[in-house]
Amino acid sequence: MLVNMKILYATETGNARDVAERVARECSRQSINKISLTSIDAYDARQLPKEDKNILLFVCSTMGQGDPPKSFEKFWKFLLKKNLPLSTSLLNLKFAVFGLGDSSYEKYNFVAKKLFRRLEQLGGESVIELGLGDDQHFSGYDGGLDQWLETLYVKIFGSEFYREKIIGFKDKLDVCPVEVSVVVRDGDGVGVGSANGVNDEDDAPVETRRGVMRAVDAMATEEVSDDSNGTYWRALKVMKNECCTSESAVRQVHHIELDNRYTDVHDFSPGEVLEVLPCSRSAIGREVLDLLTNSIVVKDGDNGYRAILDAENLVVSVSSSGSSSKNSRYICRAKYLVAYFLDCFSASPRSYFFEVCAYFAKDPLEKEKLQHFASPEGRADCYQYCQRERRSVKEFFKEFTSVKLPLEWLLHVAPKLKPRQFSISSSPSQHKNSNGTHVDLISITVAVAKWTTPLKRLRSGLCSTWMAEKLRTSDVVYARVVKSGGLPYSHTGSMILIGPGTGAAPFRSFILERCSRRNFDDKILMFFGCRRKAEDNLYETDWENVEKWSQGNIKVVTAFSREQKNKVYVQDKIRGDYSKEVWDLISRCEAKIFVAGSSEDMPARVREAIRDVCAKEGGMDKESATRYIAELEAKRRYFVEAW
């Protein structure tokens with residue numbers, strides 16, 4: 001049966017793209033199918049009424065408190081046009097929607113749900129019920145995806161396709177979209193590190209990412225098109241890296257200042273985000289070379305594969321499979337690919353990694369175990385082995401020693417090194433140069449992520465540990481300001497800021513910016529929470545100073561949860577002694593409310609506290625107070641940034 005399918009994904013962290021790639025890969029196993037894969041922002045929404053010969057499959061993630069990925073915004077704006085008649089605009093459209101979300105949030109999978117409803121409102125016909133993947137499921141979003149895809153495949157392609165091409169595919173291998181060949185000599189004038197020239201080794205972390213993404217279609221992301229608008233990676237030198245917490249604090253937090261004087265990032269707005277590439281020039285260590293030597297193989301002409309004998313100096317050419325153009329390949333040292341493009345030492349691989357490794361396993365018992373991990377029946381065991389314990393690719397190869405994975409497959413299926421985002425905690429106006437034309441300093445607040453797995457393995461965050469424990473003055477960090485990320489700052493208007501822990505970072509930027517501009521006319525009430533005053537009272541001196549400078553118009557309320565017998569959190573302060581003041585700011589001063597910090601239960605508890613204040617001080621019942629907060633959100637007066 002011939003099926004034309006267009007798969008459109010809207011992603012922020014790459015998970016929706018992973019799902020979209022899986023669907024495209026599995027659908028393509030029936031060669032007569034015509035399958036295309038596109039980011040939703042690259043699709044012309046005006047073509048929707050003309051898609052009568054295609055099935056459109058949408059894969060959408062939901063961020064934080066119901067926010068869509070940036071790539072979704074233009075497409076959604078088109079669907080909301082008033083000149084689109086209801087029930088008839090998309091009469092010829094057949095579609096399916098799968099959403100990725102986290103049920104611990106109030107607006108679980110909000111983007112996928114509203115897209116599904118809107119497509120039906122406009123007359124589109126859904127070929128299958130809305131699918132929802134939940135990050136809280138014991139096997140992550142795969143728990144909902146496996147069953148949804150089985151239903152989709154059987155309905156569209158038939159049960160024989162599902163039986164042979166999905167269930168019966170365990171001893172076969174898909175075509176790898178990446179091609180890697182060994183460069184024996186520097187031939188044809190092509191140099192190491194570039195498609196057509198030699199690069200400085202200092203630029204390897206950024207150039208490796210850029211080169212691979214440009215050479216291999218399957219690896220491309222929005223990063224490669226960012227050079228023109230000034231948001232590509234910039235090298236920032238560390239000016240200061242100091243610990244803000246005591247030795248007895250449960251979590252270490254660092255204040256890091258970066259020198260921005262010599263970049264072309266001239267300005268930013270308070271509340272925006274600094275995206276950091278978690279790597280350093282010293283990343284080429286023994287671990288990288290050992291991984292390449294012991295577990296990875298490369299093509300050996302027509303004789304199959306061979307082990308890597310000199311990992312330190314191995315040079316390879318990377319390109320899309322089937323590409324014959326020399327200009328579309330990227331040549332670099334293999335160790336750069338592992339150190340700067342992949343995350344083999346902290347991130348856990350997903351199920352397709354196990355499926356591919358099963359094919360290359362030589363030991364029958366290892367092969368059987370890996371095939372089980374890759375199957376729907378083995379999802380729980382795979383999750384227990386991999387995700388809960390956060391086993392890395394490096395640890396996997398130490399346990400499955402018979403797997404010798406070709407380098408091109410490692411590039412394709414291993415976790416990619418993902419940038420990490422940190423709220424900017426400095427004021428741009430406070431650090432402008434003498435001409436007022438350029439921001440010279442950017443600071444961020446970094447909490448070191450460390451935890452123990454169920455099997456008592458100690459784990460630590462790749463980026464936060466590197467930044468807090470390894471960075472020294474004058475070291476280089478590759479970063480970029482994300483202009484559309486973070487919280488929307490305004491130079492005027494009253495604000496209620498609620499930021500426990502490192503949630504205080506964007507609000508430090510807000511408050512210092514107001515102080516720098518000497519705007520003390522509008523009141524600011526901030527709630528900051530931590531465990532103990534002597535341990536983790538972040539930016540205590542700053543809060544004391546701004547209260548003095550503003551002559552009381554800026555007030556910082558602290559909640560120390562462990563200073564007394566009964567724990568006290570920011571939500572307790574809001575609904576307690578400051579209830580009347582909070583309501584006065586909301587109702588009389590039309591204050592905007594901003595919440596930032598942990599994404600666990602803090603945002604929900606704060607929302608309940610604000611609801612209780614509205615009910616108590618505003619004379620509402622809880623249902624009316626809940627609607628009132630929803631109205632504040634609709635009027636862009638209630639914002640949440642959680643991580």
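The values are calculated or read from the model by the stated rules, or taken from the named source; none is laboratory data. A quick note: this is a predicted structure, and the numbers were derived from the prediction, not measured. Positions of Cβ are backbone-derived with ideal geometry, glycine not excepted, and every protein chain shown enters the neighbour counts. Remember, those area values only see protein heavy atoms, side chains included, never the ligands or the DNA or RNA. Shrake-Rupley method; radii C 1.70, N 1.55, O 1.52, S 1.80 Å.
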**Message:** With part of a helix (DSSP H, G or I), open to solvent by 30 Å² or more (accessible area, probe 1.4 Å) and either at pLDDT below 90 or within 30 Å of residue 360 (Cα to Cα) (or both) as the only criterion, which of 214, 209 stands out?
**Reply:** 214
**Request:** Return the total of residues in segment 1-42 being hydroxyl-bearing (Ser, Thr, Tyr) and either in a strand (DSSP E or B) or at pLDDT 95 or above (or both).
**Result:** 4
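Quick grid of which residues meet (1) open to solvent by less than 20 Å² (accessible area, probe 1.4 Å); (2) at pLDDT below 90; (3) part of a helix (DSSP H, G or I); (4) β-branched (Val, Ile, Thr):
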residue	(1), (2), (3), (4)
81	no, no, no, no
91	no, no, no, no
95	yes, no, no, no
107	no, yes, no, no
115	yes, no, yes, no
136	no, yes, no, no
145	yes, no, yes, no
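Any residue in segment 261-284 that is β-branched (Val, Ile, Thr), closer than 30 Å to residue 243 by Cα and modelled with pLDDT of 90 or more? Give the derivation first.
Applying the first criterion (β-branched (Val, Ile, Thr)) to segment 261-284 yields 263, 265, 273, 276, 284.
Narrowing further to those that are closer than 30 Å to residue 243 by Cα: 263, 265, 273, 276, 284.
Add one more test, that the residue is modelled with pLDDT of 90 or more, and what stays is 273, 276.
Yes: segment 261-284 contains one or more residues that are β-branched (Val, Ile, Thr), closer than 30 Å to residue 243 by Cα and modelled with pLDDT of 90 or more.
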**Request:** Please enumerate the residues belonging to segment 549-560 that are modelled with pLDDT of 95 or more and among the polar types (S, T, N, Q).
**Result:** 558
**Prompt:** Has segment 476-484 got at least one residue that is over 18 Å from the mean Cα position of the chain (by Cα), on the phi < 0 side of the Ramachandran plot, touching a residue at least 60 places away in the same chain (Cβ under 8 Å) and in a strand (DSSP E or B)?
**Reply:** yes
**Asked** Can you tell me which residues in segment 566-602 are among the hydroxyl-bearing types (Ser, Thr, Tyr), at pLDDT below 95 and either open to solvent by 40 Å² or more (accessible area, probe 1.4 Å) or in contact with a helix residue (DSSP H, G or I) (Cβ under 8 Å, 6 or more places away or on another chain) (or both)?
**Response** 598
**Complete:** residue 368 fails exactly one of (1) under 26 Å from the mean Cα position of the chain (by Cα); (2) among the charged types (D, E, K, R); (3) open to solvent by 20 Å² or more (accessible area, probe 1.4 Å), namely (1)
**Fill in**
By residue number, the members of segment 148-166 that are touching a residue at least 12 places away in the same chain (Cβ under 8 Å) and part of a helix (DSSP H, G or I) are 148, 149, 150, 151, 152, 153, 155, 156, 161, 162, 165, 166
**Item:** segment 603-643, residues that are assigned to a loop (DSSP other than H, G, I, E, B), modelled with pLDDT under 95 and either closer than 18 Å to residue 62 by Cβ or of a type in the set (A, V, I, L, M) (or both)
**Value:** 643
**Message:** Quick check on segment 393-410. Is at least one of its residues in contact with a helix residue (DSSP H, G or I) (Cβ under 9 Å, 6 or more places away or on another chain) and within 30 Å of residue 509 (Cβ to Cβ)?
**Reply:** no
**Prompt:** Pairs, please: C-beta under 8 Å, at least 6 apart or cross-chain, first residue acidic (Asp, Glu) and in segment 529-550, second part of a helix (DSSP H, G or I) and open to solvent by 70 Å² or more (accessible area, probe 1.4 Å)?
**Reply:** 540/533
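So that you can scan it fast, the table gives a plain yes or no per residue for (1) touching a Ser or Thr at 6+ places or on another chain (Cβ under 6 Å); (2) assigned to a helix (DSSP H, G or I); (3) of a type in the set (Lys, Arg); (4) within 21 Å of residue 18 (Cα to Cα):
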position	(1), (2), (3), (4)
344	no, no, no, yes
353	no, yes, no, yes
379	yes, yes, yes, yes
411	no, yes, no, yes
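Residue-by-condition table, conditions (1) in contact (Cβ under 8 Å) with a residue 24 or more places away in the chain; (2) under 23 Å from residue 103 (Cβ atoms); (3) under 28 Å from the mean Cα position of the chain (by Cα):
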residue	(1), (2), (3)
558	yes, no, no
594	yes, no, yes
597	yes, yes, yes
610	yes, yes, no
618	yes, no, no
630	no, yes, yes
643	yes, yes, yes
**Message:** Can you tell me which residue is surrounded by the most Cβ atoms within 10 Å (Cβ to Cβ) among those in segment 490-520 that are among the β-branched types (Val, Ile, Thr) and within 28 Å of the chain's Cα centre (by Cα)?
**Reply:** 498
**Asked** Can you name the residue in segment 11-39 that is in contact with a Leu (Cβ under 6 Å, 6 or more places away or on another chain) and over 17 Å from residue 349 (Cα atoms) and, of all such residues, is least open to solvent (accessible area, probe 1.4 Å)?
**Response** 24
